[in-house]
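Inspection log for the structure reproduced underneath, given as structure tokens.
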Amino acid sequence: MYHTGASVDPLWSIIVTDAGLTVSQFPFQAFGLGALFILFLMAATSHDFWLANLTAPVWKSLHMAVYPAYLFLIIHVVFGILQSETSPFLAVSAGVGFIVVVGSHLYAGYRQAGMDRESSSASSLDGMVEACRVDEIPEDGAKGVIIAGERVAIVKYEGKISALSGVCQHQNGPLAEGKFVHGCLTCPWHGYQYKCEDGTSPEPFKEKIPTFSVKVSDGVVYVDPNPHPAGTAVEPALIT
Ligand code: FES
């Protein structure tokens with residue numbers, strides 16, 4: 001409404017002239033435009049075509065821009081609509097939303113950092129390092145451990161134990177939080193699957209992840225810290 005009557009292009013006007021139009025004299029609309037631009041880029045590339053062509057690291061970095069976008073939106077709302085709002089409802093909603101989003105992310109980051117700091121114990125067997133106890137792994141599920149700095153998912157299924165990379169090929173999802181479904185470890189994020197024996201996805205999918213040699217002795221799982229190339233078949237350890 002303001003900018004269609006401006007002496008310059010309305011889009012350009014949003015960026016250069018809105019400071020004088022707000023109670024706070026703050027250019028809140030430029031932040032809204034910035035957030036819109038980031039969210040548009042993310043929406044336009046939210047397809048496996050772009051994931052494959054941009055490569056996972058670039059695609060993931062692009063989509064991490066959701067954090068600056070959220071910050072821009074908060075600034076846009078706080079210095080924009082909240083300046084003229086008389087009811088506290090919107091301010092309280094924005095504040096509670098901000099606390100929940102930031103708090104849950106900090107908590108998740110704290111938990112992950114704790115897992116990453118956990119190192120395997122000094123105990124070893126035939127060059128393999130102790131990863132965890134068998135009874136720590138949920139049945140038809142997995143436990144995440146860090147072996148030589150790598151995230152590894154130790155899977156327990158059908159009386160056997162396998163060790164696979166803990167990082168999903170799709171968007172680096174946490175495979176150790178996945179479940180054993182139809183013979184495969186299934187990523188909790190979007191359902192990509194990997195066969196426990198060789199780390200390959202079932203046909204017709206082509207993804208594959210590294211596998212690790214594994215042994216079980218006295219109820220303890222030992223893992224070779226050197227991963228096999230992605231898609232290498234490895235004999236599971238039997239739970240005796
Ligand atoms: S991250 Fe998408 S399926 Fe694993």
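The values are calculated or read from the model by the stated rules, or taken from the named source; none is laboratory data. For clarity, every value in this text was computed on a predicted model and none was experimentally measured. Cβ sites come from the backbone with ideal geometry, for glycine too, and all protein chains shown count toward neighbours. Surface accessibility is based on the protein's heavy atoms, side chains included, excluding ligands, DNA and RNA. Shrake-Rupley method; radii C 1.70, N 1.55, O 1.52, S 1.80 Å.
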*within 16 Å of the ligand (Cβ to nearest atom), out of contact with any Leu (no Cβ under 8 Å at 6 or more places or on another chain) and of a type in the set (K, R) - does that describe any residue in region 126-147?*
no
*Restricting the search to region 84-140, which residues are part of a loop (DSSP other than H, G, I, E, B), modelled with pLDDT of 90 or more and of a type in the set (D, E)?*
E139, D140
_Which residue is farthest from the ligand (Cβ to nearest atom), if the candidates are limited to region 148-180 and must be without any contact (Cβ under 8 Å) to a residue 24 or more places away in the chain and surrounded by fewer than 17 Cβ atoms within 10 Å (Cβ to Cβ)?_
E158
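For (1) open to solvent by 50 Å² or more (accessible area, probe 1.4 Å); (2) outside any helix (DSSP H, G or I); (3) at pLDDT 90 or above, each residue gets a yes or a no:
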site	(1), (2), (3)
G32	no, no, yes
L41	yes, no, yes
L51	no, no, no
W59	no, no, no
Y67	yes, no, yes
Y70	yes, no, yes
L73	yes, no, yes
*Name, by its number, the condition in (1) within 21 Å of the chain's Cα centre (by Cα); (2) at pLDDT below 95; (3) open to solvent by 10 Å² or more (accessible area, probe 1.4 Å) that does not hold for T186.*
(2)
*asked:* Anything in region 190-215 that is more than 16 Å from the ligand (Cβ to nearest atom) and under 15 Å from A142 (Cα atoms)? List them, or say none.
replied: E197, T211, F212, V214
*asked:* Residues to consider are E203, E197, E235; find the one that is over 24 Å from E130 (Cβ atoms), part of a loop (DSSP other than H, G, I, E, B), open to solvent by 30 Å² or more (accessible area, probe 1.4 Å) and of a type in the set (D, E, K, R).
replied: E203
*Out of V92, V100, V66, report the one residue that is farther than 28 Å from H170 by Cα and either free of Cβ contacts under 8 Å to residues at least 60 places away in the same chain or among the hydroxyl-bearing types (S, T, Y) (or both).*
V92
